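The values are calculated or read from the model by the stated rules, or taken from the named source; none is laboratory data. Only a predicted model underlies this, so the values are computations on that prediction, with no experimental measurement involved. Glycine also receives a Cβ, built like all others from the backbone with ideal geometry; neighbour counts cover every protein chain displayed. To get the accessible areas, we keep the full protein, side chains included, count just its heavy atoms, and leave off ligands, DNA and RNA. Shrake-Rupley method; radii C 1.70, N 1.55, O 1.52, S 1.80 Å.
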Amino acid sequence: MIDHAHDLGAVRGATERLLDAVGKLDNASVGGASRLPGWSRGHVLAHLSRNADALGNVLRGLPMYASSETRDADIAAGAPRPAAEQLTDLRESADGFLAVAAEPADWSRTVTLRNGVTDSAARVPFRRWVEVELHHVDLGIGYELEDLPAEFVEREIAFLADRFLGNEAVPATGLTDPDGRTWSTGGGPPSELVTVQGPAVELLGWLCGRRDGAALTVAGGPLPALPPL
């Protein structure tokens, strides 16, 4: 059972951590390279702001973005802004998303996301939590995967493992962390099972494309190549 109210509280906490960190950046830092290829920190911040708007649209029953081209253009246009403007936009867009989420609603309804993907409205707050946490890491300003809340790490592993479940391009894969927690993913033949073991944060880093999996132990074949998110 998804607890959207709990997840909205987590979004608030993650957003405050992000705002506090971004508030310490100067213009040169915002213009510097992020950890995402081809994106400055300004691109990441502009994306986070527009994502808050977009997920608010989803909760209102509107298209997430007018189009992929509009989404990309808005990020490109917002990227060069000075630090103070980025911070203001980040705060106001985050507040706007939380305001929409606070309105009375049927959280069991199905909503449409980008590229026609559908999900329960109740999972939208978690999706925003993912954006805030992982892109905070992508900024490369001292917040690492190891700093992510333990609950978030476990739930995002489960979310991503489920995302690749049934994908025949990914071998059947069993994931295990040192605490004995297990997850399954992939869609290849069960007879060709690959097992991947390692700390939860390293499993997450591999699944979300933030780490190459070198810290993981693999048996039954090479570390599977995962489709882009």
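Across region 1-126, the volume of the C-alpha convex hull divided among the residues equals 106 Å³ per residue.
Ranked by the mean number of other Cβ atoms within 10 Å per residue, highest first, peptides 47-55, 20-28, 159-167, 78-86 order as 47-55, 78-86, 159-167, 20-28. Length gained on full extension, Ala73 to Asn115: 13.4 nm, using 0.36 nm per residue less the C-alpha separation. For region 55-96, what does the alpha-carbon gyration tensor say about shape, rounded, prolate or oblate, given a ≥ b ≥ c as the root eigenvalues, a/c under 1.5 as rounded, and a/b over b/c as prolate? Oblate. DSSP assigns beta bridges within region 76-207; of those with both partners inside it, close to 65 percent run antiparallel. What is the diffusion coefficient of region 139-225 in µm²/s, taking the Kirkwood radius over Cα pairs and the Stokes-Einstein relation at 4 °C with a viscosity of 1.567 mPa s? Answer, rounded: 99 µm²/s. Ligands, DNA and RNA are left out, and with a 1.4 angstrom probe the accessible area of the chain is 47 Å² per residue. Computing Rg and the Kirkwood Rh from the Cα coordinates of region 76-203 gives a ratio, Rg/Rh, of 1.04.
Using R₀ = 41 Å, calculate the FRET efficiency as 1/(1 + (r/R₀)^6) where r is the Cβ-Cβ separation of Glu146 and Ala66; round to 0.05. Step by step, r from the Cβ atoms, then E = 0.65. Annotation for region 163-194 versus region 206-229: alpha-carbon center distance of 11 Å. Under a crude label model (7 Å from the Cα following the beta-carbon direction), how far is Thr88 from His6 in nanometres? Using points 7 Å along Cα→Cβ, the separation is 3.8 nm. Comparing Cα centroids, region 1-43 and region 92-159 end up 12 angstrom apart. Of the beta bridges in region 140-221, as assigned by DSSP with both residues counted there, near 65 percent are antiparallel. In the chain, a dipole from Cβ-located charges (positive for Lys and Arg, negative for Asp and Glu) runs towards its positive end, and of Ser67, Gly142, Leu87 it is Ser67 whose Cα lies farthest in that direction. The share of accessible area on the chain that comes from carbon and sulfur is 52 percent, using a 1.4 angstrom probe. Site pair Ala158 and Asp212 shows an inter-label distance of 3.2 nm when each label is modelled 7 Å from Cα along Cα→Cβ. Beta bridges from DSSP with both residues in the chain: antiparallel share about 75 percent, rounded to the nearest 5. Rg of the Cα atoms in region 101-166, relative to 2.2 N^0.38 Å, amounts to 1.28.
Around the Cα centre of the chain, unit charges on the Cβ atoms of Lys, Arg, Asp and Glu (plus for the first two, minus for the last two) sum to a dipole of about 340 debye.
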